[in-house]
Amino acid sequence: QPHVLPIYEYREASPLARAEWIKVLALVVSYSFEANAIFVDIENSYKYAMKVASESPRIPSVIANAPYNNTWYGVYGYTEAFLNDSQAVTPSKGISFDNFDSASASFASAEVWINTLFVPSTTMGIY
């Protein structure tokens, strides 16, 4: 009977918690030492980026949103944590829209719009 190792990094709300899954995968292929070193580099880089962002006088308005089954969902999970850690203003937190027109009208003032995933939708003409 095969051994099963569930991989749940996608459930992590923290970017660093997601990155830490490299340690779990490294155990499977006997690369724990290397994975730990890589994770420490990722963690240090992330903390440095957070420090730089916290010292910046500029606070951008960022929308992180993408269509899924023709509904546009607001920021949540690790994407929300990325944006919070970068000190960005995220007006799309917890908001959902049932079409692109509603979403784009509400988010028109955002300086940056990040599409966090891509789901082809023939009804919206997005490929």
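Here are some notes:
- Heavy atoms of residue 31 accessible to a 1.4 Å probe, total area in Å² rounded to 10: 120
- Multiplying the residue separation of residue 89 and residue 1 by 0.36 nm and subtracting their alpha-carbon distance yields 26.7 nm.
- Rounded accessible area per residue of the stretch 5-61, 1.4 Å, Å²: 72
The values are calculated or read from the model by the stated rules, or taken from the named source; none is laboratory data. No experiment lies behind these values; they were computed from the predicted model shown. Please note that ligands, DNA and RNA were not included when accessible areas were found on the heavy atoms of the full protein model with its side chains. Shrake-Rupley method; radii C 1.70, N 1.55, O 1.52, S 1.80 Å.
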